[in-house]
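Step one of this worksheet: look at the structure below.
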Amino acid sequence: MTDTPANPFEALMRQTQSMAQDWVKAVNPALANFNPAQMDKLWPTVPAEMLEAFFGKQFNPEGLDAKTRLLLTLLGLTIQGAVAEAQIRLTVRHAVEAGATKQEVAETIGLAALFGGVPAMNKAMELATEALDRGEED
């Protein structure tokens, strides 16, 4: 028996992944153990004042505040299927920093179930819970 998959596309994906891993090890050995799922841990939480300056009413006084923009971003990420895990954790962290409550985060994710489905909502809720729990530990 061989480890070759019966599906030619699966074989192509395995070969491509193997080649990419070999290339990364050759170019930068330090990246060989890089885990993209942990990317959010590399980014600090931006202070609320800076969030408001860049995402809030600094340049558009009549526009949305940073908290609302971040909750809308969370809604969109959830509707897309909650596949961008690091981005969801980052967005939750920053929304809370911008003044969102746990209840507002949960309601935003719950609303996304109407458009993205219950599995996406469940996944986003798990990721948000991780981010909120980690935030309380800091």
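Taking label points 7 Å from Cα along the Cα-to-Cβ direction, LEU72 and ASN7 give a separation of 3.8 nm. Here the chain is scanned for chymotrypsin sites (Phe, Trp or Tyr not before Pro) in DSSP loops (not H, G, I, E, B) that have at most 15 other Cβ atoms within 10 Å, and the longest stretch holding none of them is 60-138.
In this simple spin-label model, placing a label point 7 Å from the Cα along the Cα-to-Cβ direction at both LEU64 and THR16 gives a separation of 3.3 nm. Axis of helix 66-79 versus longest Cα principal axis of the chain: the two differ by about 40°, to the nearest ten degrees. Rounded to the nearest 10 degrees, the inclination of helix 8-27 to the longest alpha-carbon principal axis of the chain is 80 degrees.
Reported to the nearest whole Å, the Cα centre-to-centre distance from region 108-127 to region 72-87 is 9.
When only the Cβ of Lys, Arg, Asp and Glu is charged (+1, +1, -1, -1), the dipole of the chain relative to its Cα centre reaches about 300 debye.
Beyond 25 Å, the tail of the calculated P(r) for region 36-137 holds 15 percent of the Cα pairs.
Here the Karplus curve 6.51 cos²θ - 1.76 cosθ + 1.60, taken at θ = phi - 60°, turns the phi angles of region 102-112 into couplings of 4, 4, 5, 4, 5, 5, 4, 5, x, 4, 5 Hz, with x standing for Gly and Pro.
Phi-derived couplings, Karplus 6.51 cos²θ - 1.76 cosθ + 1.60 at θ = phi - 60°, listed residue by residue for region 115-126: 10, x, x, 5, x, 5, 4, 4, 5, 5, 5, 4 Hz, with x used for Gly and Pro. Mean residue ellipticity at 222 nm, helices only, the chain: -21500 deg cm²/dmol; runs of at least 4 DSSP H residues each add -39,500 (n - 2.57), and the sum is divided by the number of residues.
No value in this document is a laboratory result; all are computed from the given coordinates. Fair warning: this is a prediction, and the values are worked out from it, not measured in the lab. With ideal geometry, Cβ positions are generated from the backbone for all residues, glycine too; neighbour counts draw on all protein chains shown.
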